[in-house]
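Quick notes on the structure that follows.
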Amino acid sequence: MAMIYLIRHGQASFLKSDYDQLSDLGKEQSEILGRALKERNQRTDYISSGSLNRHQQTFESCMDGFGSTVDVVVDERWNEYDHMDLLTKHNPAFTDYVAIGEYLQKQENPMKALQQVLNDSILDWIDEKHAYATSWKTFKQGVLDALNALAARLEKGQIAWVFTSGGPISVALIELLSLNEKQFVDLQGRLVNSSITKVLVGKSKLSLSTYNDYSHLDHNSQLITYR
């Protein structure tokens, strides 16, 4: 049986001018992951990732920790959805991170308010309330096509690592577990940066093995982040 490791990127630079960059903590999380995989005698026969900077940087830092240089196959279907497009369509006043930051500063609990706005914008997207650059159905199908194509190329016993984001991982989860699409919101919100979700590749179907494994960070709670 083959296996696919869906690896969420390390902490990015949320509400900064360029979100798509790993923070210093994000790089540390990724390096720790690489060292943990090395210590556990893990291996990979194939590596893929999205094309976003945070995917590539997570891959590079993980490989630094793993102590190996390998090739990576970039597949844009593993990219995250455009959260700014969703936020702006949900509330036209959210034109950029500055506007969002100003809104949050006025809230009694900024982090709770942020999560609620993000969740509401995703639910709008799933319900197709607006015209988006990429529809929910298109995004979902692209992820599933990438997952199935990767599974089809793996031979028995092979292991693939995929460096991606919480959105694609959550799409895979709702498909594998036959969940309601709106459970995407809760699943994504629980994914820890640099966590691993393992998918078993059987002869006739894919199945979930492990969800959101971040045991490599358990030694220090300050390393555990969600965005």
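Key figures
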quantity: Residue check for Lys140: assigned to a strand (DSSP E or B), charged (D, E, K, R) and either out of contact with any Lys or Arg (no Cβ under 6 Å at 6 or more places or on another chain) or over 25 Å from Asp82 (Cβ atoms) (or both); calculated: no
quantity: Any hit, region 61-75, residues being among the polar types (S, T, N, Q), within 15 Å of the chain's Cα centre (by Cα) and either within 19 Å of Thr197 (Cα to Cα) or surrounded by fewer than 19 Cβ atoms within 10 Å (Cβ to Cβ) (or both); calculated: no
quantity: Residue in region 22-59 that is farthest from Gln105 (Cα to Cα), counting only those that are open to solvent by 60 Å² or more (accessible area, probe 1.4 Å) and of a type in the set (S, T, N, Q); calculated: Asn41
quantity: Those residues of region 61-101 which are polar (S, T, N, Q) and assigned to a helix (DSSP H, G or I), in sequence order; calculated: Ser61, Thr88
quantity: Residue within region 187-198 that is open to solvent by less than 20 Å² (accessible area, probe 1.4 Å), over 19 Å from Asn119 (Cβ atoms), out of contact with any strand residue (DSSP E or B) (no Cβ under 6 Å at 6 or more places or on another chain) and modelled with pLDDT of 95 or more present; calculated: yes
quantity: First in region 72-101 and touching a residue at least 60 places away in the same chain (Cβ under 8 Å), second anywhere and of a type in the set (Gly, Ala, Ser) and assigned to a strand (DSSP E or B), Cβ under 8 Å, 6 or more apart; calculated: Val72/Ser48; Val72/Ser49; Asp75/Ser48; Asp75/Ser49; Trp78/Ser48; Trp78/Ser49
quantity: Pairs where the first residue, in region 48-60, is assigned to a helix (DSSP H, G or I) and the second is among the charged types (D, E, K, R) and open to solvent by 10 Å² or more (accessible area, probe 1.4 Å), C-beta under 6 Å, 6+ apart; calculated: Asn53/Asp20; Arg54/Asp20
quantity: When residues of region 47-71 are limited to those that are of a type in the set (A, V, I, L, M) and modelled with pLDDT of 95 or more, the one farthest from Arg35 (Cα to Cα); calculated: Leu52
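Every residue, every condition in (1) surrounded by 19 or more Cβ atoms within 10 Å (Cβ to Cβ); (2) at pLDDT 95 or above; (3) assigned to a helix (DSSP H, G or I), yes or no:
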{"site": "Gln107", "(1), (2), (3)": "no, no, no"}
{"site": "Gln115", "(1), (2), (3)": "no, no, yes"}
{"site": "Leu150", "(1), (2), (3)": "yes, yes, yes"}
{"site": "Glu175", "(1), (2), (3)": "no, yes, yes"}
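The values are calculated or read from the model by the stated rules, or taken from the named source; none is laboratory data. Keep in mind that this is a model prediction, so the values were computed, not measured. We place every Cβ from the backbone using ideal geometry, glycine too, and count neighbours over all the protein chains shown. Calculation scope for accessible area: heavy atoms of the full protein, side chains included, ligands and nucleic acids excluded. Shrake-Rupley method; radii C 1.70, N 1.55, O 1.52, S 1.80 Å.
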